[in-house]
Amino acid sequence: MSCWETIADYGLRSIGIGERLLPRDNFTLCQQVVLIGSGLIWNIYFGTLALISGFFLATAVALGKASRLKPVQKLSAWFIFVFRGSPLFIQFFFAYFLFLSLKSVSPIFDPFTAAWLGALIVLFLNTAAYSGEIFYGALQSVPRGDLEAADAYGFAGWTKFRRITWPTMLRLAWPAYTNEAIFLFHATTLVYFSGFPAWQQRGDALYYASYFADKTFNPFVPYPILAGYFILLTLIVIGLFGLVNRNLNRHLPQASRARMTFRPTLLR
Amino acid sequence: MASFCSDPSTLSGLSWLLCYLTTGKHVALYWSVGTVLLLLAITAPAALAFGFGGATAARSRFLPLQWLGRGYIAVVRGVPDIAFFLFFVIALDQFFEWARHKVKCPDWDQPIRQGSDFVVCPEAKLPLGNAAQWVHETYGFMLAVLTFAIVFGAFAANVLYGAMRAVPHPQLETAEAYGMSPRQTFWRILVPQMWVYALPGLSNLWMVLIKATPLLFLLGIEDIVYWARELGGAKTARFTDYPHGDWRVWYFLALLIFYLAFTRVSEIVLDRIMGRLTHGQATLAGDAQRKAV
């Protein structure tokens with residue numbers, strides 16, 4: 001069986017297209033590369049959607065935490081604390097079992113017990129909390145001079161926020177936010193190890209990598225393949241975020257532009 | 001276990017709950033909290049040691065060592081940590097067995113990898129086939145600790161590497177001017193001064209380490225996640241004196257609260273330590289402290 005056939009059979013296996021049975025023995029390198037790569041579709045799916053949807057909630061949460069309304073501020077602070085203070089792994093488990101028990105109450109919750117929706121919601125809330133904290137920090141450090149200048153130009157309310165506060169906040173938060181995005185993509189590998197079942201063995205990259213490692217009892221092939229894919233993914237994320245960073249900083253004089261850090265801090 | 005628990009079917013309400021929460025398996029759950037704390041207690045210093053080694057290697061002037069250190073730091077940045085956990089547990093186990101095999105059975109002529117099997121001679125097995133159950137468990141736990149130490153060592157190496165570069169350079173130049181050798185400069189000037197710069201990163205690392213402890217479950221240790229799944233699952237009267245429905249959601253809620261409390265307490269303690277350390281330092285935070293008094 002040539003490698004092209006393997007790609008045709010397993011290239012989209014993780015979303016249920018192609019050969020139904022996974023290879024059982026005599027694994028070729030090609031099979032491992034193709035299947036793990038096919039699993040990466042799920043990582044990208046979870047990461048991208050959670051990041052995009054989480055972005056809006058994060059802005060709301062950051063504004064909430066900075067709000068002068070006590071209840072709103074408390075609520076946002078608690079939201080951030082709960083999701084940043086507990087392990088994502090436990091959050092996945094908790095959410096899965098919660099959806100499972102809600103399922104017996106109403107069939108509406110049926111899709112929530114599947115990874116594509118349930119895990120996405122957890123990731124969405126989780127990344128919103130982490131980015132919310134980042135945005136909050138950036139919001140606090142928007143230079144007062146910028147806001148005073150905005151006042152002087154007659155900006156007020158929504159326009160002031162849209163044109164002045166928000167872009168500055170994003171600009172300041174962007175390096176840390178890039179880091180968060182990288183970690184979010186890494187966190188997507190936890191999904192299929194935390195209760196959410198991989199229906200018909202449609203899993204993510206790590207799911208297939210550990211499948212091969214279990215079957216061959218040789219971790220030295222599948223995990224480095226996975227590592228290669230993820231390093232590539234990380235580089236792409238850094239590249240895309242770097243482009244946005246350049247756009248956010250385009251009005252600044254060349255010398256004072258915040259250089260995009262290509263050595264993001266390791267921790268979220 | 002209280003004496004009135006002898007016949008659970010007659011109990012109800014609070015006393016039922018009390019008896020239920022003190023069954024043997026629940027006691028095992030409470031002990032597994034100890035496992036988590038033990039893991040943290042061993043891993044934190046071990047990871048710090050690995051990190052120190054990694055950071056020192058990364059700024060070494062001997063090129064291969066420098067590449068080794070930088071590679072160690074760089075690789076964890078791009079790859080999900082859970083992949084490392086899954087990888088190292090098998091890889092370390094096989095490495096140990098392979099090394100023992102080479103030493104103990106030099107005249108073994110079959111290949112070690114036979115298809116999908118990893119075959120070493122019986123004397124090289126770890127732990128030995130006839131070892132007691134607790135030896136197996138301890139070995140598993142030690143592998144997990146080593147894995148955690150390697151992965152978090154890389155994180156710590158990154159933090160310490162940054163901290164070493166944050167020490168003001170004139171300090172090192174002054175040391176040189178006083179005639180200290182590079183070794184003396186490193187140990188007497190650089191290392192004592194770097195901790196203040198490293199502390200924010202290290203406390204962040206501690207938080208991440210706490211939040212990584214549930215991953216022990218994936219390494220095959222009977223930790224709190226294991227017991228929460230085990231105990232929370234629906235039980236019928238046939239197998240237990242305390243039948244109940246699917247309570248896993250409650251068990252995981254308890255775990256969630258446990259971790260939140262743990263993080264909160266750590267946060268408070270670390271804030272205090274940081275306050276102590278910044279006292280009298282020529283930094284923004286130190287100035288703020290002085291003004292507050």
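Testing B:TYR197 on (1) closer than 30 Å to B:ILE90 by Cα; (2) modelled with pLDDT under 85; (3) crowded, with 16+ Cβ neighbours inside 10 Å, one condition comes back false. Which one is that?
(1)
Out of (1) more than 22 Å from A:LEU123 (Cα to Cα); (2) of a type in the set (A, V, I, L, M, F, W, C); (3) surrounded by fewer than 21 Cβ atoms within 10 Å (Cβ to Cβ), the odd one out for A:LEU240 is which?
In the conditions (1) more than 22 Å from A:LEU123 (Cα to Cα); (2) of a type in the set (A, V, I, L, M, F, W, C); (3) surrounded by fewer than 21 Cβ atoms within 10 Å (Cβ to Cβ), A:LEU240 misses (1) alone.
A:PRO143 versus (1) touching a Pro at 6+ places or on another chain (Cβ under 8 Å); (2) exposed (fewer than 12 other Cβ atoms within 10 Å of the Cβ): which is the lone unmet condition?
All conditions are met except number (1).
Could you grab the pairs with beta carbons closer than 8 Å, sequence gap of 6+ or different chains, first residue in segment B:178-195 and farther than 13 Å from B:ARG165 by Cα, second one aliphatic (A, V, I, L, M) and in a helix (DSSP H, G or I)?
Pairs that qualify, where the first residue is farther than 13 Å from B:ARG165 by Cα and the partner is aliphatic (A, V, I, L, M) and in a helix (DSSP H, G or I), are B:MET180/B:ILE189; B:GLN184/B:ALA175; B:THR185/B:LEU172; B:THR185/B:ALA175; B:ARG188/B:ALA175.
Do you know which of the residues in segment B:64-81 that are of a type in the set (A, V, I, L, M) and at pLDDT 85 or above is surrounded by the fewest Cβ atoms within 10 Å (Cβ to Cβ)?
B:LEU65
Please go through segment A:15-47 and pick out each residue that is among the polar types (S, T, N, Q) and farther than 19 Å from B:VAL79 by Cβ. Give the steps one after another, and end with the answer.
Here is the first cut: in segment A:15-47, the residues among the polar types (S, T, N, Q) are A:26, A:28, A:31-32, A:38, A:43.
Of everything in segment A:15-47, those that are among the polar types (S, T, N, Q) and farther than 19 Å from B:VAL79 by Cβ turn out to be A:ASN26, A:THR28, A:GLN31.
Could you say which residue among A:PHE185, A:PHE124 is away from chain B (no Cβ under 14 Å) and at pLDDT 90 or above?
Selected residue: A:PHE124, the only one of A:PHE185, A:PHE124 that is away from chain B (no Cβ under 14 Å) and at pLDDT 90 or above.
Is segment A:192-212 home to any residue that is over 18 Å from B:ILE90 (Cα atoms), of a type outside the set (Lys, Arg), more than 13 Å from chain B (Cβ to nearest Cβ) and crowded, with 21+ Cβ neighbours inside 10 Å?
Checked segment A:192-212: at least one residue is over 18 Å from B:ILE90 (Cα atoms), of a type outside the set (Lys, Arg), more than 13 Å from chain B (Cβ to nearest Cβ) and crowded, with 21+ Cβ neighbours inside 10 Å.
May I ask you to verify whether A:LEU170 is surrounded by fewer than 20 Cβ atoms within 10 Å (Cβ to Cβ) and outside any loop (DSSP other than H, G, I, E, B)?
Numbers: surrounded by fewer than 20 Cβ atoms within 10 Å (Cβ to Cβ): yes; outside any loop (DSSP other than H, G, I, E, B): yes.
Yes; evaluated as a whole, the condition is true for this residue.
Among the residues that make up segment B:231-251, is at least one of them exposed (fewer than 15 other Cβ atoms within 10 Å of the Cβ), in contact with an Asp or Glu (Cβ under 9 Å, 6 or more places away or on another chain) and either under 30 Å from B:ARG165 (Cα atoms) or of a type in the set (Gly, Ala, Ser) (or both)?
yes
Out of B:ALA156, B:ALA144, report the one residue that is at pLDDT 80 or above, more than 30 Å from A:PHE27 (Cα to Cα) and surrounded by 15 or more Cβ atoms within 10 Å (Cβ to Cβ).
Numbers: B:ALA144 fails: more than 30 Å from A:PHE27 (Cα to Cα).
Result: B:ALA156 is the single residue among B:ALA156, B:ALA144 that is at pLDDT 80 or above, more than 30 Å from A:PHE27 (Cα to Cα) and surrounded by 15 or more Cβ atoms within 10 Å (Cβ to Cβ).
Regarding B:TYR20, is this residue in contact with a Pro (Cβ under 9 Å, 6 or more places away or on another chain) and either more than 23 Å from A:PHE230 (Cα to Cα) or among the acidic types (Asp, Glu) (or both)?
yes
Residues of segment B:94-124 being within 14 Å of another protein chain (Cβ to nearest Cβ), in contact with a Lys or Arg (Cβ under 9 Å, 6 or more places away or on another chain) and assigned to a loop (DSSP other than H, G, I, E, B), which ones?
Residues satisfying the conditions are B:SER116, B:VAL119, B:VAL120.
Determine whether A:VAL61 is within 14 Å of another protein chain (Cβ to nearest Cβ), touching a residue at least 40 places away in the same chain (Cβ under 8 Å), within 23 Å of B:LEU256 (Cβ to Cβ) and not in a loop (DSSP other than H, G, I, E, B).
So A:VAL61 fails the test.
Within segment A:173-229, how many residues are of a type outside the set (Gly, Ala, Ser) and not in a helix (DSSP H, G or I)?
Looking only at that region, the number is 9.
Are there any pairs with C-beta distances below 9 angstrom linking a residue in segment A:155-167 that is modelled with pLDDT of 90 or more and surrounded by 15 or more Cβ atoms within 10 Å (Cβ to Cβ) to a residue that is hydroxyl-bearing (Ser, Thr, Tyr) and in a helix (DSSP H, G or I), with the two at least 6 apart or on different chains, and if so which?
Cβ pairs passing all conditions: A:TRP166/A:THR59.
Tell me which residues, restricted to segment A:66-87, are more than 22 Å from the chain's Cα centre (by Cα) and in a helix (DSSP H, G or I).
Selection gives A:LYS70, A:PRO71, A:VAL72, A:GLN73, A:LYS74, A:LEU75.
Taking segment B:203-221, which residues are at the interface with chain A (Cβ under 7 Å from one of its Cβ atoms), over 12 Å from the mean Cα position of the chain (by Cα) and more than 13 Å from B:ILE82 (Cβ to Cβ)?
Across segment B:203-221, the qualifying residue is only B:ASN204.
Any residue at all in segment A:48-56 that's in contact (Cβ under 8 Å) with a residue 12 or more places away in the chain, crowded, with 22+ Cβ neighbours inside 10 Å and more than 29 Å from B:ASP246 (Cβ to Cβ)?
Yes, that holds for at least one residue.
Which count do you get for residues in segment A:201-246 that are in contact with an Asp or Glu (Cβ under 9 Å, 6 or more places away or on another chain) and without any contact (Cβ under 8 Å) to a residue 24 or more places away in the chain?
1
Evaluate the following for B:TYR30: is it more than 18 Å from the chain's Cα centre (by Cα), modelled with pLDDT of 85 or more and of a type in the set (Phe, Trp, Tyr)?
In short, yes.
The values are calculated or read from the model by the stated rules, or taken from the named source; none is laboratory data. Predicted, not measured: the structure shown is a model, and the values here were computed from it. Cβ atoms come from the backbone with ideal geometry, glycine included; neighbour counts cover every protein chain shown.
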